[in-house]
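See structure below.
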Amino acid sequence: MSNGMFNRILSGDYPRSRALSALLVLIGVCLALGPFLFPGVRAFSMLGMICVFIIVVASYDLMLGYTHIVSFAHTMFFGIGAYGVAMSTDAFGSGFGAVFIGIGGAVVMSILLSLLLGLLSLRVKAIFFALVTLAVAFAFLSLVTQLYNITGGEDGLAVPGFSVIDFITGVVGQGSIGQAFNDAVFEVRVSGRHLMYYITFAISLGVFLFLLRMVNSPFGRVLQAIRENEFRAQALGYRTVFYRTAAVIVSAVLATLAGVLF
């Protein structure tokens with residue numbers, strides 16, 4: 001890989017030191033080869049959770065680190081993604097059709113809620129916005145706990161299992177072609193659990209690179225200007241409420257995606 005291509009992938013935003021670079025490379029290698037380096041169900045589950053929470057932390061950093069927005073409702077959007085898939089599969093049965101319905105409903109709900117938070121609260125001082133998000137998060141928690149027949153209450157919901165391999169072979173083709181693809185690729189080389197892990201790993205890596213590109217774009221520069229001095233950014237003609245609301249919406253949608261993967 002040439003330096004120019006590598007520079008484009010990282011958006012020119014390299015780690016600040018060689019030690020940090022080496023640490024990030026080590027973490028990347030461990031995650032990429034983790035299922036084969038660390039056998040066992042517990043280690044496998046831990047690797048998957050690391051990939052999921054990479055998305056959660058990176059999306060929250062877009063608000064807190066780059067825009068200086070303190071929100072206590074971030075885990076609410078994570079829960080919306082998880083409950084969206086769980087409730088959909090509970091209602092429509094196991095299968096990717098139900099998963100896609102749950103994803104669509106969760107994303108739409110997260111966009112509407114984050115937009116509402118932005119329009120209602122981002123015009124006030126930061127401390128008041130934080131308090132509003134805290135109140136909304138507690139209200140959501142109480143709602144999930146009380147609606148036992150829908151959400152399972154404190155016991156949660158059990159998600160029925162489904163086969164990723166069967167879905168992919170169904171897309172590739174039925175009959176001899178699909179069966180040959182299944183036998184040659186999946187039953188010999190990788191299991192469905194490995195496939196789901198690498199889907200999660202690829203999405204978390206893609207989200208990380210997407211956010212890296214975003215914060216180094218003109219949009220990200222405005223967010224950093226708002227963080228440093230919002231009044232000066234307004235004086236320069238930037239619509240700070242629009243940018244802050246957009247950052248909250250993007251962060252909420254990515255947290256919802258993390259909940260879906262969870």
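The values are calculated or read from the model by the stated rules, or taken from the named source; none is laboratory data. What you are looking at is a predicted structure, and each value in this text was computed from that prediction instead of being measured. Positions of Cβ are generated from backbone atoms using ideal geometry, with glycine treated the same way; all protein chains shown enter the neighbour counts. Areas reflect the complete protein model, heavy atoms only, side chains present, ligands, DNA and RNA absent. Shrake-Rupley method; radii C 1.70, N 1.55, O 1.52, S 1.80 Å.
Computed values, structure above
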quantity	calculated
Accessible area expressed per residue, segment 75-121, with surrounding protein chains retained (probe 1.4 Å, Å²)	45
Tensor-based shape of segment 1-92 (alpha-carbon gyration tensor, a/c under 1.5 rounded, otherwise prolate or oblate)	oblate
Dipole magnitude (debye, nearest 20) for segment 196-262, charges at Cβ of Lys, Arg, Asp, Glu	160
Mean Cα-pair separation over length for segment 17-136, i.e. relative contact order, pairs under 8 Å, 6 or more apart, %	22
Spacing of the two label points (7 Å from each Cα toward its C-beta) at His68 and Leu112, in nm	3.4
Three-way shape call for segment 18-162 based on the alpha-carbon gyration tensor, with the a/c threshold at 1.5	oblate
Mean Cβ count within 10 Å, highest first, over the residues of peptides 249-261, 127-139	249-261, 127-139
Additional length obtainable on full extension of the chain from Arg16 to Cys30, 0.36 nm per residue less Cα span	2.9 nm
